[in-house]
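The values are calculated or read from the model by the stated rules, or taken from the named source; none is laboratory data. In this text, all values refer to a predicted model and were calculated from it rather than measured experimentally. Using ideal geometry, Cβ is built from the backbone for each residue, glycine included, and neighbour counts are taken over all protein chains shown. Keep in mind that these areas ignore ligands, DNA and RNA; they rest on the heavy atoms of the full protein, side chains included. Shrake-Rupley method; radii C 1.70, N 1.55, O 1.52, S 1.80 Å.
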Amino acid sequence: MSGSGIFDRQAVRRSFDRAAGAYDASALLQAKVRDELLARLDYVRLEPRVIIDVGAGTGHATRALKDRYPGATVVALDLAPGMLREAGRRQRLFRRFSRVCADAARLPFADGTVDLLFSSLTLQWCPDLDAVFQGFRRVLRPGGLLNFTTLGPGTLAELRAAWSAADDGSHVSPFADMHLIGDGLTRAGLAEPVLDVERYTLTYPDVRKLMRDLKAIGAHNANADRPRGLTGRGRMAKVEAAYEQHRRD
(Lines give C-alpha, C1' and ligand atoms only; values in the text may rest on other atoms or scores of the structure.)
Protein backbone atom coordinates (compact mmCIF):
# COMPACT_ATOMS: atom_id res chain seq x y z
CA MET A 1 0.00 0.00 0.00
CA SER A 2 1.39 3.36 -0.95
CA GLY A 3 1.11 5.88 1.83
CA SER A 4 1.14 9.55 0.96
CA GLY A 5 2.13 9.62 -2.66
CA ILE A 6 5.48 9.04 -4.34
CA PHE A 7 7.76 11.10 -2.15
CA ASP A 8 11.32 12.19 -2.72
CA ARG A 9 12.65 10.92 0.62
CA GLN A 10 15.90 12.86 0.29
CA ALA A 11 13.91 16.05 -0.20
CA VAL A 12 11.91 15.24 2.95
CA ARG A 13 15.12 14.67 4.88
CA ARG A 14 16.75 17.90 3.66
CA SER A 15 13.63 19.95 4.35
CA PHE A 16 13.22 18.83 7.96
CA ASP A 17 16.95 19.02 8.52
CA ARG A 18 16.95 22.70 7.56
CA ALA A 19 13.81 23.46 9.58
CA ALA A 20 15.02 21.91 12.85
CA GLY A 21 16.17 25.10 14.58
CA ALA A 22 12.94 27.05 14.00
CA TYR A 23 10.52 24.11 13.98
CA ASP A 24 8.94 24.48 17.42
CA ALA A 25 7.92 28.12 16.94
CA SER A 26 5.50 27.18 14.14
CA ALA A 27 4.57 23.60 15.06
CA LEU A 28 1.44 24.50 17.05
CA LEU A 29 -0.82 21.85 15.55
CA GLN A 30 1.94 19.26 15.90
CA ALA A 31 2.25 20.08 19.60
CA LYS A 32 -1.49 19.78 20.22
CA VAL A 33 -1.76 16.45 18.40
CA ARG A 34 1.35 15.10 20.16
CA ASP A 35 0.00 16.03 23.61
CA GLU A 36 -3.36 14.40 22.88
CA LEU A 37 -1.66 11.23 21.68
CA LEU A 38 0.44 11.13 24.85
CA ALA A 39 -2.74 11.54 26.90
CA ARG A 40 -4.15 8.39 25.29
CA LEU A 41 -1.51 6.43 27.20
CA ASP A 42 -3.34 7.30 30.44
CA TYR A 43 -5.88 4.63 29.52
CA VAL A 44 -3.36 1.90 28.71
CA ARG A 45 -1.97 -0.59 31.20
CA LEU A 46 1.58 -0.94 29.98
CA GLU A 47 4.98 -1.14 31.64
CA PRO A 48 7.31 -0.85 28.64
CA ARG A 49 10.98 -1.63 28.84
CA VAL A 50 11.85 -0.33 25.35
CA ILE A 51 10.10 2.62 23.65
CA ILE A 52 10.76 4.03 20.18
CA ASP A 53 9.53 7.52 19.27
CA VAL A 54 9.32 7.22 15.47
CA GLY A 55 9.69 10.59 13.80
CA ALA A 56 10.75 12.20 17.07
CA GLY A 57 11.52 15.62 15.62
CA THR A 58 12.92 17.91 18.30
CA GLY A 59 12.20 15.33 20.98
CA HIS A 60 9.24 16.72 22.95
CA ALA A 61 7.36 13.41 22.93
CA THR A 62 10.57 11.50 23.62
CA ARG A 63 11.18 13.53 26.76
CA ALA A 64 7.56 13.12 27.83
CA LEU A 65 7.78 9.36 27.33
CA LYS A 66 10.96 9.21 29.41
CA ASP A 67 9.25 11.19 32.17
CA ARG A 68 6.23 8.87 32.04
CA TYR A 69 8.31 5.67 31.98
CA PRO A 70 11.62 6.61 33.70
CA GLY A 71 12.79 3.00 33.92
CA ALA A 72 12.42 2.33 30.20
CA THR A 73 14.98 2.65 27.43
CA VAL A 74 13.60 5.41 25.19
CA VAL A 75 14.90 6.04 21.68
CA ALA A 76 14.26 9.11 19.51
CA LEU A 77 14.29 8.01 15.86
CA ASP A 78 14.13 10.49 13.00
CA LEU A 79 15.10 10.70 9.34
CA ALA A 80 16.58 14.20 9.73
CA PRO A 81 19.90 14.57 11.59
CA GLY A 82 19.14 18.22 12.37
CA MET A 83 16.02 17.25 14.29
CA LEU A 84 17.98 14.76 16.37
CA ARG A 85 20.64 17.36 17.12
CA GLU A 86 17.92 19.67 18.44
CA ALA A 87 16.43 16.82 20.46
CA GLY A 88 19.81 16.06 22.01
CA ARG A 89 20.51 19.70 22.77
CA ARG A 90 17.26 20.09 24.67
CA GLN A 91 17.13 16.85 26.62
CA ARG A 92 17.58 17.03 30.36
CA LEU A 93 20.57 15.22 31.78
CA PHE A 94 18.57 13.21 34.30
CA ARG A 95 16.09 11.99 31.68
CA ARG A 96 18.47 10.88 28.96
CA PHE A 97 17.36 9.03 25.84
CA SER A 98 19.13 7.60 22.83
CA ARG A 99 18.97 9.07 19.32
CA VAL A 100 18.96 7.07 16.08
CA CYS A 101 18.91 8.51 12.56
CA ALA A 102 16.92 6.07 10.41
CA ASP A 103 13.95 5.65 8.10
CA ALA A 104 10.64 4.60 9.67
CA ALA A 105 10.36 1.91 6.99
CA ARG A 106 13.76 0.42 7.96
CA LEU A 107 13.84 0.25 11.72
CA PRO A 108 17.33 -0.83 12.88
CA PHE A 109 16.10 -2.94 15.80
CA ALA A 110 15.96 -6.68 16.40
CA ASP A 111 12.73 -8.63 16.06
CA GLY A 112 10.39 -8.59 19.05
CA THR A 113 12.39 -6.15 21.16
CA VAL A 114 10.11 -3.09 21.45
CA ASP A 115 7.20 -2.69 23.86
CA LEU A 116 5.83 0.68 22.69
CA LEU A 117 6.05 2.36 19.28
CA PHE A 118 4.96 6.01 19.45
CA SER A 119 4.67 8.13 16.31
CA SER A 120 2.96 11.50 15.97
CA LEU A 121 2.40 13.09 12.54
CA THR A 122 5.19 11.22 10.79
CA LEU A 123 3.58 8.47 8.73
CA GLN A 124 2.19 10.94 6.17
CA TRP A 125 5.78 11.35 4.96
CA CYS A 126 6.22 7.60 4.38
CA PRO A 127 5.54 6.52 0.78
CA ASP A 128 5.05 2.82 1.57
CA LEU A 129 2.90 2.29 4.66
CA ASP A 130 2.86 -1.47 4.15
CA ALA A 131 6.62 -1.53 4.62
CA VAL A 132 6.33 0.71 7.69
CA PHE A 133 3.61 -1.37 9.35
CA GLN A 134 5.40 -4.63 8.57
CA GLY A 135 8.51 -3.22 10.21
CA PHE A 136 6.49 -2.11 13.21
CA ARG A 137 5.03 -5.61 13.54
CA ARG A 138 8.49 -7.15 13.28
CA VAL A 139 10.07 -5.17 16.12
CA LEU A 140 7.09 -5.21 18.52
CA ARG A 141 7.03 -7.78 21.29
CA PRO A 142 3.87 -9.89 21.66
CA GLY A 143 1.42 -7.65 23.49
CA GLY A 144 3.30 -4.51 22.48
CA LEU A 145 1.51 -1.29 21.52
CA LEU A 146 1.61 0.96 18.45
CA ASN A 147 0.28 4.46 19.19
CA PHE A 148 0.30 6.86 16.24
CA THR A 149 -1.30 9.79 14.45
CA THR A 150 -1.14 10.86 10.83
CA LEU A 151 -2.88 13.32 8.52
CA GLY A 152 -6.05 12.47 6.60
CA PRO A 153 -7.06 13.27 3.01
CA GLY A 154 -8.93 16.43 4.00
CA THR A 155 -5.72 18.07 5.21
CA LEU A 156 -4.89 21.32 3.38
CA ALA A 157 -7.91 20.83 1.12
CA GLU A 158 -8.30 24.59 0.67
CA LEU A 159 -4.68 25.02 -0.35
CA ARG A 160 -4.91 22.08 -2.74
CA ALA A 161 -8.01 23.57 -4.36
CA ALA A 162 -6.37 27.00 -4.63
CA TRP A 163 -3.37 25.58 -6.46
CA SER A 164 -5.66 23.60 -8.76
CA ALA A 165 -7.21 26.90 -9.83
CA ALA A 166 -3.77 28.15 -10.85
CA ASP A 167 -2.25 25.19 -12.73
CA ASP A 168 -2.23 21.40 -13.11
CA GLY A 169 0.94 20.81 -11.08
CA SER A 170 1.31 18.71 -7.93
CA HIS A 171 1.79 21.31 -5.17
CA VAL A 172 0.26 19.69 -2.06
CA SER A 173 1.11 16.25 -0.76
CA PRO A 174 -1.67 13.63 -0.78
CA PHE A 175 -2.64 11.90 2.46
CA ALA A 176 -3.89 8.35 2.98
CA ASP A 177 -7.51 7.56 3.82
CA MET A 178 -8.20 6.07 7.27
CA HIS A 179 -9.69 2.90 5.76
CA LEU A 180 -6.53 2.27 3.73
CA ILE A 181 -4.48 2.72 6.88
CA GLY A 182 -6.67 0.23 8.75
CA ASP A 183 -6.32 -2.28 5.92
CA GLY A 184 -2.54 -1.87 6.04
CA LEU A 185 -2.44 -2.50 9.78
CA THR A 186 -4.45 -5.68 9.30
CA ARG A 187 -2.25 -6.92 6.46
CA ALA A 188 0.82 -6.42 8.62
CA GLY A 189 -0.68 -8.66 11.32
CA LEU A 190 -1.16 -5.92 13.90
CA ALA A 191 -4.04 -7.05 16.08
CA GLU A 192 -7.12 -5.11 17.17
CA PRO A 193 -6.50 -1.82 15.35
CA VAL A 194 -8.62 1.06 16.63
CA LEU A 195 -8.78 4.20 14.49
CA ASP A 196 -10.64 7.45 14.91
CA VAL A 197 -10.68 10.90 13.31
CA GLU A 198 -10.14 14.27 14.97
CA ARG A 199 -10.73 17.46 12.96
CA TYR A 200 -8.78 20.65 13.61
CA THR A 201 -9.22 24.02 11.95
CA LEU A 202 -6.38 26.53 11.91
CA THR A 203 -7.08 30.00 10.54
CA TYR A 204 -4.64 32.31 8.76
CA PRO A 205 -4.89 35.94 7.62
CA ASP A 206 -3.88 34.89 4.10
CA VAL A 207 -2.41 32.02 2.13
CA ARG A 208 1.14 33.38 2.27
CA LYS A 209 1.17 33.13 6.08
CA LEU A 210 0.04 29.50 5.79
CA MET A 211 2.82 28.79 3.30
CA ARG A 212 5.40 30.43 5.57
CA ASP A 213 4.30 28.25 8.48
CA LEU A 214 4.49 25.11 6.35
CA LYS A 215 8.01 26.09 5.25
CA ALA A 216 9.05 26.81 8.85
CA ILE A 217 8.18 23.28 9.98
CA GLY A 218 9.82 21.66 6.94
CA ALA A 219 6.52 20.62 5.34
CA HIS A 220 7.56 21.44 1.80
CA ASN A 221 6.01 19.79 -1.21
CA ALA A 222 8.10 16.62 -1.49
CA ASN A 223 6.21 14.87 -4.29
CA ALA A 224 8.60 13.35 -6.77
CA ASP A 225 6.65 15.00 -9.61
CA ARG A 226 6.50 18.42 -7.95
CA PRO A 227 7.09 21.50 -10.14
CA ARG A 228 10.76 22.49 -9.98
CA GLY A 229 10.58 26.03 -11.37
CA LEU A 230 9.79 29.31 -9.64
CA THR A 231 6.18 30.33 -9.11
CA GLY A 232 5.45 33.42 -11.18
CA ARG A 233 3.49 36.40 -9.89
CA GLY A 234 0.52 35.58 -12.10
CA ARG A 235 0.13 32.05 -10.80
CA MET A 236 0.62 33.18 -7.22
CA ALA A 237 -2.07 35.81 -7.66
CA LYS A 238 -4.46 33.10 -8.89
CA VAL A 239 -3.67 30.96 -5.83
CA GLU A 240 -4.30 33.89 -3.49
CA ALA A 241 -7.59 34.76 -5.17
CA ALA A 242 -8.78 31.15 -5.08
CA TYR A 243 -7.81 30.75 -1.44
CA GLU A 244 -9.76 33.86 -0.48
CA GLN A 245 -12.95 32.10 -1.57
CA HIS A 246 -12.62 29.87 1.50
CA ARG A 247 -12.59 32.80 3.93
CA ARG A 248 -15.35 32.59 6.53
CA ASP A 249 -14.93 35.94 8.29
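Data for the structure
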{"item": "Residue check, Val100 at pLDDT 95 or above and open to solvent by 20 Å² or more (accessible area, probe 1.4 Å)", "result": "yes"}
{"item": "From Arg160, Arg137, residue being open to solvent by 50 Å² or more (accessible area, probe 1.4 Å) and touching a strand residue (DSSP E or B) at 6+ places or on another chain (Cβ under 9 Å)", "result": "Arg137"}
{"item": "Residues satisfying the stated conditions in segment 16-56, i.e. touching a residue at least 60 places away in the same chain (Cβ under 8 Å), open to solvent by less than 50 Å² (accessible area, probe 1.4 Å) and outside any helix (DSSP H, G or I)", "result": "Ala27, Leu46, Pro48, Val50, Ile51, Ile52, Asp53, Val54, Gly55"}
{"item": "Residue list for segment 163-196, filter: part of a helix (DSSP H, G or I) and either open to solvent by less than 40 Å² (accessible area, probe 1.4 Å) or at pLDDT 95 or above (or both)", "result": "Trp163, Ala166, Ile181, Gly182, Asp183, Gly184, Leu185, Thr186, Arg187"}
{"item": "Filtered residue count, segment 101-138, keeping only those that are aromatic (Phe, Trp, Tyr) and not in a helix (DSSP H, G or I)", "result": "2"}
{"item": "Any chance Asp67 is touching a residue at least 12 places away in the same chain (Cβ under 8 Å), part of a loop (DSSP other than H, G, I, E, B), of a type in the set (Asp, Glu) and on the phi < 0 side of the Ramachandran plot", "result": "no"}
